[in-house]
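Notes for the one structure printed next.
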Amino acid sequence: MDFIEWEASHERFHALLFAHSGERTRSALELWADYTERYRRVYVAQGNLGWTMGAAEHADLARACRAGDVEGATALLAQHLARAGLTLVAIMNPSHQPVLLQAALQQVTAGPRQS
């Protein structure tokens, strides 16, 4: 599969994930998808590992969505996006410490807070 074919499939998958969100959210996500296309090119150019890991993460996300596991799907999506982002940071600037990205991931995947 070449990048153009993969990108079309990737866009369809992620569009399905937020298909039922509001118009404002969909518009923002579509805009971010456009902005990040060049970074996905860098990411997948690193070899088959990115494609393989992404496909496995997409399968896990699809299973969680089919099962109606909103919290699980949310955590999986956050981990999927963060892993891709952290990988890109490591490729493009290995000395950068992505503290904000790591903190955001921890907040999303921490689960409900106990009172």
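The values are calculated or read from the model by the stated rules, or taken from the named source; none is laboratory data. Since this is a predicted model, take the numbers as computed values, not measurements. Quick reminder, even Gly has a Cβ in these numbers, built from the backbone with ideal geometry, and neighbours come from all protein chains shown.
This table checks each residue for (1) buried (at least 16 other Cβ atoms within 10 Å of the Cβ); (2) within 24 Å of Gln107 (Cα to Cα); (3) not hydrophobic (A, V, I, L, M, F, W, C).
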| residue | (1), (2), (3) |
| --- | --- |
| Glu11 | no, no, yes |
| Ser21 | no, yes, yes |
| Leu29 | no, yes, no |
| Leu49 | no, no, no |
| Ala59 | no, yes, no |
| Cys65 | yes, yes, no |
| Gln79 | yes, yes, yes |
* Asked: Quick one: is Pro94 loosely packed, with under 13 Cβ neighbours inside 10 Å and at pLDDT below 85?
  -> no
* To do: Kindly establish whether Trp6 is in contact (Cβ under 8 Å) with a residue 40 or more places away in the chain and within 23 Å of Ile91 (Cβ to Cβ).
  => yes
* Asked: Can you name the number of the only condition in (1) under 12 Å from the mean Cα position of the chain (by Cα); (2) more than 21 Å from Gly50 (Cβ to Cβ) that Ala84 fails?
  -> (2)
* Asked: Of the numbered conditions (1) closer than 25 Å to Tyr35 by Cβ; (2) exposed (fewer than 10 other Cβ atoms within 10 Å of the Cβ); (3) at pLDDT below 85, Pro112 satisfies every one except a single condition; which is it?
  -> (1)
* **Filtered residue count, the stretch 43-58, keeping only those that are under 13 Å from Leu17 (Cβ atoms) and over 12 Å from the mean Cα position of the chain (by Cα)** => 0
* Being acidic (Asp, Glu) and outside any helix (DSSP H, G or I) is the filter here, so list the residues in the stretch 1-44 that pass it. => Asp2
